[in-house]
1. Does the stretch 175-193 hold any residues that are acidic (Asp, Glu) and either in contact with a strand residue (DSSP E or B) (Cβ under 7 Å, 6 or more places away or on another chain) or open to solvent by less than 80 Å² (accessible area, probe 1.4 Å) (or both), and which are they?
2. Does any residue of the stretch 197-208 turn out to be open to solvent by 40 Å² or more (accessible area, probe 1.4 Å) and under 14 Å from Ile105 (Cβ atoms)?
3. Taking the conditions exactly as written (modelled with pLDDT under 75 and part of a helix (DSSP H, G or I)), does Ser19 satisfy them or not?
4. All but one of (1) within 16 Å of ligand 2 (Cβ to nearest atom); (2) of a type in the set (A, V, I, L, M); (3) under 17 Å from His223 (Cβ atoms) hold for Ile136; which doesn't?
5. Does any residue in the stretch 208-235 that is at positive phi and away from ligand 1 (no atom under 12 Å from the Cβ) come within less than 9 Å, Cβ to Cβ, of a residue that is in a helix (DSSP H, G or I) and open to solvent by 50 Å² or more (accessible area, probe 1.4 Å) six or more places away or on a different chain, and which pairs are these?
6. Residue under question is Leu113, and the condition is that it be more than 16 Å from ligand 1 (Cβ to nearest atom) and touching a helix residue (DSSP H, G or I) at 6+ places or on another chain (Cβ under 7 Å); does it hold?
7. Does Phe150 satisfy the criteria of being surrounded by 15 or more Cβ atoms within 10 Å (Cβ to Cβ), of a type in the set (Phe, Trp, Tyr) and within 16 Å of ligand 2 (Cβ to nearest atom)?
Amino acid sequence: MMDVKYEVSGGQNLGEIVSVFPGSAEIFNEYKIDYCCGGHDTLKEALKEKNIPEQEFLKKMNSAYESFVKEASEYKDWRREEPQKLIKHIINSHHQYTKKELKDIDFLMTKILKVHFKSHGEELLKLHRLFGGLKIELEEHLVKEEENLFPLMTEYFANKDAEGLEEIQQFILDTEEEHDAAGDILKEIEKLTGDFTPPEDGCNTYRLVYSKLDALEKDLFMHIYLENTVLFGMV
Ligand SMILES: [Fe+2]
Ligand SMILES: [Fe+2]
């Protein structure tokens, strides 16, 4: 999946860099480099145009890429950790990430829907609807976990009061159903987009939306695994 040996270099074009490493988009934004519509330019040309020192920029970009790879491949056996620590981890990494990505993708989706409406309107309308449904599902789901289930579990783990257990078990059943529902929408999106393969004539924003959806799905799989299998298994 991810090539650790990959390195960003001046000769690559901007679109290619964004599709291999979606996080580069934020760095490009920071330097006001238009990776979207000026995406055919090589990085070298784009940097020269903006008078940005190439070596310095490459160093920054590659170290961001390295931590991205490291983060993605870091595996911790959460079954051996305290449930409290796991809940914190789920909120700080998976929930924060999901909230941010849903907003970012939503913004980009509206953009490509307009720009590519004439050539890809049919697919994009379907995608827009599916994504809208996913966004509502997940946003509500995360709030329910943070406001209902997790506080109840925290209390239960602290004093093992059997009274709250029944309520927790009911919440767990509902939560698992919601996980299935979100997973089903993502599977539909995966099918519609041919496993997140952007069309040949899709611009860099189009590609970015697809790679962000792909990453969102991968993150959600890990997130759901940590909840259904690890956290709920601790009750
Ligand atoms: Fe969650
Ligand atoms: Fe969840």
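The values are calculated or read from the model by the stated rules, or taken from the named source; none is laboratory data. Since the structure is predicted, the reported quantities are computational estimates derived from the model, not experimental observations. When we count neighbours, we look across all protein chains shown, and the Cβ atoms used for this are built from the backbone with ideal geometry, even at glycine. Surface accessibility is based on the protein's heavy atoms, side chains included, excluding ligands, DNA and RNA. Shrake-Rupley method; radii C 1.70, N 1.55, O 1.52, S 1.80 Å.
1. Taking the stretch 175-193 first, the residues acidic (Asp, Glu) are 176-178, 180, 184, 188, 190.
Answer for the stretch 175-193, where residues must be acidic (Asp, Glu) and either in contact with a strand residue (DSSP E or B) (Cβ under 7 Å, 6 or more places away or on another chain) or open to solvent by less than 80 Å² (accessible area, probe 1.4 Å) (or both): Glu176, Glu178, Glu190.
2. Checked the stretch 197-208: at least one residue is open to solvent by 40 Å² or more (accessible area, probe 1.4 Å) and under 14 Å from Ile105 (Cβ atoms).
3. On the way: modelled with pLDDT under 75: yes; part of a helix (DSSP H, G or I): yes.
Here the answer is yes, as Ser19 does meet what is asked.
4. Failing condition for Ile136: (3).
5. Partner pairs satisfying both residue conditions: none exist.
6. Working: more than 16 Å from ligand 1 (Cβ to nearest atom): yes; touching a helix residue (DSSP H, G or I) at 6+ places or on another chain (Cβ under 7 Å): yes.
Criteria met by Leu113.
7. yes
Yes or no, residue by residue, for (1) open to solvent by 20 Å² or more (accessible area, probe 1.4 Å); (2) at pLDDT below 80; (3) within 19 Å of the chain's Cα centre (by Cα):
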| residue | (1), (2), (3) |
| --- | --- |
| Met1 | yes, yes, yes |
| Gly11 | yes, no, no |
| Gly15 | no, yes, yes |
| Tyr31 | yes, no, no |
| Asp34 | yes, yes, no |
| His40 | yes, yes, no |
| Ile52 | yes, no, no |
| Glu56 | yes, no, no |
| Ser63 | yes, no, no |
